[in-house]
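These notes are about the structure you will find just below.
The values are calculated or read from the model by the stated rules, or taken from the named source; none is laboratory data. Just so we're clear, the structure is a prediction, and the values are computed from it rather than from any experiment. Heads up, the Cβs are rebuilt from the backbone with ideal geometry, glycines too, and the neighbour counts pull from every protein chain shown. These area figures cover heavy atoms from the full protein model, side chains too; ligands, DNA and RNA do not enter into them. Shrake-Rupley method; radii C 1.70, N 1.55, O 1.52, S 1.80 Å.
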Amino acid sequence: MPDDTIEARIPASCPSSISEILRHAWHHDLASLKPLLSVPGRASVQDPTTGETPLHAAIRSCGARTVDGNKKSAEKSAAPVDLEAAKAVVHQLFLSGAIWNDVDSNNETPGCVAARLAQDELYNLCVGAGMRAELLFGLLDGYEVLESDVEDEDEDEDEDEDEDEGEGEGESAEAAAAENQQDAPEDVILESDPDRAFSPPQAEGTVTSAAYLRANLTYSDGKLVDDEKNGVMMAWETSIMRSSVDALLPGLPAGKRILNIGFGMGIIDTMFRETEPSRHHIIEAHPEVLKHVESSPECTFGKDWEASGPSEGAYKIYAGKWQEVIPKLLEQGELYDAIYFDTFGEDYSQLRMFFTEYVLALLDEGGIFSFFNGLGADRKVCYDVYTKVVEMHLTDAGLDIEWNELEVDMKGLDEEGKGEWQGVKRRYWTLDKYRLPIITLMG
Ligand SMILES: C[S@@+](CC[C@H](N)C(=O)[O-])C[C@H]1O[C@@H](n2cnc3c(N)ncnc32)[C@H](O)[C@@H]1O
């Protein structure tokens, strides 16, 4: 459990100009804080060693919410916290440009602190601010990396790899912070910049689409991994695939027209096939997945399956990226009752493009669309922010959404590198609830 005391979070070593802001935020002293925030960047200053920002301070000082109200957990004898004052400070910080997802030295964003302390109202302010920031990034065409399998666009890839290497992997956050501190003159405000010691979480060990599609893949032990040990698909997701099929095809009727994007381990396609569809189209881009489909004795989606369809082309795996295949399906006049989207190595802009530009044209009346909802799944606040972002974008695209919340059995999933994550570079799922999207044409 992190030490949430003011002494631990705003240490004596904190430069005085930063400490002044952090302390006013901590004590919810809006009158003293507000004039200091008029300079850009000040709402996001950070203590160089603890990474405390004014948002962290304003939320943390509220302590854990108890049934009888807000009491500081670290200072049990203190008076109950004035939550309205805390909200006013958080609100002002966001207005003044505070960054919603900076992490501190405990790898917590302000929203993570609010969630841990059960400060729901403050948590919701963080989610709202995150949503607005992400919508703005979307408008500027530069989504921030919040989720498991995303990075920059292809062209920047090599450059990025070099940059990553240049940043000295293995250098501890404390060492970087100490260096920062040495460089920072005592009274200079540290403005928000991407090189600071504790910045918004970047998904480590992520891949770009182009790099992923060139990588070697291995199917083994209930998982599909690339040569960097990124988990492309894992058997623990089977229950999510099951619930997705049940939601896409209520009552599992035969004779439906199905489109699935991303074959992976074929888990969802096996379930789709069991419903005896009248059309079952799959799009898959990775050459090694396609090779597995063609030649692995364990895979039963090869030529024989294609030939078993009720008519020519009714059962088919289309080789290629969906971005290239979908226009052909549209030209063919294909319409579907159920569409599922679950790719790897692509960022949210691709999913958004898919549902904005194609779902309306591909989904027949009464049809249902769903996707694997791993957006921001490595921390609850990011998951909640993306839930809201997706809702806004779907509505904008003329689609209705309902969420079906499922329990995720976290046995074997709760520790990095252990259980299900053994042999997988990064634990891309951390949440005990999965929000399954059920999307239909707006009525
Ligand atoms: C997470 S897996 C899908 C798992 C699948 N739902 C299952 O039940 O096994 C993602 C798949 O999408 C494929 N893929 C990635 N990018 C793609 C793209 N642009 N077009 C088509 N397939 C893509 C990957 O090669 C991989 O096979």
I want to confirm something. Restricting to segment 358-375 and keeping residues that are open to solvent by 30 Å² or more (accessible area, probe 1.4 Å) and within 14 Å of the ligand (Cβ to nearest atom), which single residue is nearest to residue 390 (Cα to Cα)? 372
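Where in segment 287-382 are there strands (runs of 3 or more DSSP E), lying wholly inside it, with at least 1 residues that are farther than 15 Å from residue 261 by Cα? I'd like the intermediate steps shown before the answer.
Numbers: elements: 315-319, 336-341, 363-371.
Answer list for segment 287-382: 363-371.
Out of 56, 91, report the one residue that is surrounded by fewer than 18 Cβ atoms within 10 Å (Cβ to Cβ), under 14 Å from residue 110 (Cβ atoms), modelled with pLDDT of 95 or more and assigned by TED's automatic domain parsing to the domain that holds residue 112. Break it down stepwise before answering.
Numbers: 56 fails: surrounded by fewer than 18 Cβ atoms within 10 Å (Cβ to Cβ).
Just a single option satisfies the conditions, and that option is 91.
Answer yes or no as to whether residue 31 is modelled with pLDDT of 95 or more, in a helix (DSSP H, G or I) and either under 29 Å from the mean Cα position of the chain (by Cα) or outside the structural domain of residue 91 (by TED's automatic domain parsing) (or both). Show your work before the answer.
Details: modelled with pLDDT of 95 or more: yes; in a helix (DSSP H, G or I): yes; either under 29 Å from the mean Cα position of the chain (by Cα) or outside the structural domain of residue 91 (by TED's automatic domain parsing) (or both): no.
Against the criterion (modelled with pLDDT of 95 or more, in a helix (DSSP H, G or I) and either under 29 Å from the mean Cα position of the chain (by Cα) or outside the structural domain of residue 91 (by TED's automatic domain parsing) (or both)), residue 31 does not qualify.
Would you pick out the residues in segment 89-110 that are among the β-branched types (Val, Ile, Thr) and under 13 Å from residue 123 (Cα atoms)? Don't jump to the end; show me each part of the working.
Just the residues of segment 89-110 that are among the β-branched types (Val, Ile, Thr), to begin with: 89-90, 99, 103, 109.
Answer for segment 89-110, where residues must be among the β-branched types (Val, Ile, Thr) and under 13 Å from residue 123 (Cα atoms): 90, 109.
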In segment 395-443, how many residues are in a strand (DSSP E or B) and open to solvent by 90 Å² or more (accessible area, probe 1.4 Å)? 3
Just one of 288, 237, 284 is open to solvent by 20 Å² or more (accessible area, probe 1.4 Å) and over 18 Å from residue 366 (Cβ atoms); which is it? 288
Note down all Cβ pairs under 7 Å where the first residue falls in segment 333-351 and is in contact (Cβ under 8 Å) with a residue 12 or more places away in the chain and within 12 Å of the ligand (Cβ to nearest atom), the second is open to solvent by less than 30 Å² (accessible area, probe 1.4 Å) and among the charged types (D, E, K, R), and they're at least six residues apart or on different chains. 344/149; 345/149
For segment 262-291, which residues satisfy the criterion of being out of contact with any Asp or Glu (no Cβ under 8 Å at 6 or more places or on another chain), within 11 Å of the ligand (Cβ to nearest atom) and over 18 Å from residue 238 (Cβ atoms)? 283, 284, 285, 286, 287, 288
Might you let me know whether segment 248-265 holds any residue that is surrounded by 16 or more Cβ atoms within 10 Å (Cβ to Cβ), under 27 Å from residue 212 (Cα atoms) and free of Cβ contacts under 8 Å to residues at least 40 places away in the same chain? no
